[in-house]
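The values are calculated or read from the model by the stated rules, or taken from the named source; none is laboratory data. Quantities reported herein were computed from a predicted structural model and do not represent experimental measurements. Using ideal geometry, Cβ is built from the backbone for each residue, glycine included, and neighbour counts are taken over all protein chains shown. These area figures cover heavy atoms from the full protein model, side chains too; ligands, DNA and RNA do not enter into them. Shrake-Rupley method; radii C 1.70, N 1.55, O 1.52, S 1.80 Å.
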Amino acid sequence: MIRFNDIVDEVLTYNPQADVEILQRAYIFSAKAHKGQTRLSGEPYLIHPLEVAYTLTRMNLDIPSIVSGFLHDTIEDSYVNKEEIEEYFGKEVAELVDGVTKISKIALKTSEESRKVENFRKMILAMSKDIRVILIKLADRYHNMQTLNFLSPEKQVEIARETQDIYAPLAHRLGIEWLRGELEDASFKYLNPEAYKLIADSIAQKRKEREEYIGEVIGLLKARFDQFHLKAEFSGRAKRLYSIYRKMVQEGLNIDDIYDITAFRVIVTDVKECYEALGLIHSFFKPIPGKFQRLYRSAQGQYVSIAPHKGHRASR
C-alpha cells in the first residue's frame, strides 16, 4: 500500500527542491474530503488518490500535477467545488482538477469502427487545454484497472474495452510505454480471460529458465561493452501478455510456437553511443532482415534506448 512518505521520497529523487508542504496540504485536504468514503473493495477511498499521486511521480510530473492527483476526485465525489480548490491551491491546480472531472463525465461509448474510437481520443485531447489533465486521468484509470475485480462482470468488460480502445492508445501516443503495457494487460485479463490465463500460466512455468537466459545474455552484453569501454544499463523481462497474444493472433501461432517471449533493453547516454551499442549488439546477435526496430529517444531527451526487435537471435 502506498503511503504519503513514498510519494514525497519519489518526488525528491527528481525534484530535490519540491514544495513538500503543499503536497502535505493536498493529502490532508483529500483525506477530509473523502472521509467516511470507501471503494467497492471496502478500502478507504483515500487509497485511490494516494495511488494516483504516486503513479504521477513515476512519470516525473511537477508538483501541481501531483497535488491534482490527490484532489482529482474531490469535485466529483465530495462536497468540494472548483472555487474552493482554487482558494486553497491556486488556479493552476483548480483547472487541472476541473479538467479531469470533465473527462470523467464523458460517456465514452467504444465501437468496433476505428474511426469512431479515434474521434473519442481527439475529443478527450481537445477538451484538455493542458496535457497534464490527460496524464492525471491515465493515472486514475491505471489504479481503477487494478481494482476492476470488485465490479460486476458486465461492467468489467465495458471498462476494459474502453481502456483498451481509448486509454492504452493515449498512453502510447504520449510515449508512456510502461503504462500502455499495464493498461493493455489489465484489459486483456477481462476481455479474453481464457487466453490471458493460458499465456500467464505458460510464462510462469518457464520463469526460472527465462531468468537464467536473461542473466546469460546480460552477462554477454556487459562483457562486450566493457571491452569497448562503453557504459550502458541493461535489463531483460518477459514480454507483455497482450503483446504475446497479439502476435499469436496476427501470425496464427500457438504459445509454444513463440520463441521470443523475452525482451531486452540497452540504455546509453547519447545518439553516438546508441549507434556504437547497436554495432556491438549486431556483432554477436544477428538481426533478421526486415525485423529491425527503429531507435527511440526518451521523452526527456536524456538518453536513447535501443529496444532490440523480437526478431533478434543469438548467432552462436
For A26, the lone unmet condition from (1) over 23 Å from A171 (Cα atoms); (2) open to solvent by less than 10 Å² (accessible area, probe 1.4 Å); (3) at pLDDT below 95 is (3)
Among the residues of segment 136-158, which ones are in a helix (DSSP H, G or I), open to solvent by 20 Å² or more (accessible area, probe 1.4 Å) and either within 24 Å of F70 (Cβ to Cβ) or of a type in the set (A, V, I, L, M, F, W, C) (or both)? R141, Y142, N144, Q146, F150, V157
Would you please name the residue that is nearest to the chain's Cα centre (by Cα), looking only at residues in segment 176-196 that are more than 20 Å from R161 (Cβ to Cβ) and in a helix (DSSP H, G or I)? W178
Taking the stated definitions as given, is E209 over 25 Å from T262 (Cβ atoms), out of contact with any Pro (no Cβ under 9 Å at 6 or more places or on another chain), charged (D, E, K, R) and at pLDDT below 95? no
Name the residues in segment 242-294 that are modelled with pLDDT of 80 or more, in contact with a helix residue (DSSP H, G or I) (Cβ under 8 Å, 6 or more places away or on another chain) and outside any helix (DSSP H, G or I), would you? L253, N254, I261, T262, F264, V266, V268
Within segment 22-42, which residues are touching a residue at least 24 places away in the same chain (Cβ under 8 Å) and part of a loop (DSSP other than H, G, I, E, B)? H34, Q37, R39, L40, S41
Close pairs (9 angstrom Cβ cut-off, 6 or more residues apart or separate chains): open to solvent by 10 Å² or more (accessible area, probe 1.4 Å) in segment 46-60, among the hydroxyl-bearing types (S, T, Y) and assigned to a loop (DSSP other than H, G, I, E, B) anywhere: I47/S41
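For (1) in contact with a strand residue (DSSP E or B) (Cβ under 7 Å, 6 or more places away or on another chain); (2) assigned to a strand (DSSP E or B), each residue gets a yes or a no:
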{"site": "L198", "(1), (2)": "no, no"}
{"site": "D201", "(1), (2)": "no, no"}
{"site": "A204", "(1), (2)": "no, no"}
{"site": "K208", "(1), (2)": "no, no"}
{"site": "E212", "(1), (2)": "no, no"}
{"site": "V217", "(1), (2)": "yes, no"}
{"site": "D226", "(1), (2)": "no, no"}
{"site": "F234", "(1), (2)": "yes, yes"}
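Consider S78 carefully, then state whether it is in contact with a helix residue (DSSP H, G or I) (Cβ under 6 Å, 6 or more places away or on another chain), within 20 Å of N149 (Cβ to Cβ), touching a residue at least 24 places away in the same chain (Cβ under 8 Å) and surrounded by fewer than 21 Cβ atoms within 10 Å (Cβ to Cβ). Don't jump to the end; show me each part of the working.
Working: in contact with a helix residue (DSSP H, G or I) (Cβ under 6 Å, 6 or more places away or on another chain): yes; within 20 Å of N149 (Cβ to Cβ): no; touching a residue at least 24 places away in the same chain (Cβ under 8 Å): yes; surrounded by fewer than 21 Cβ atoms within 10 Å (Cβ to Cβ): yes.
No: the conditions fail for S78.
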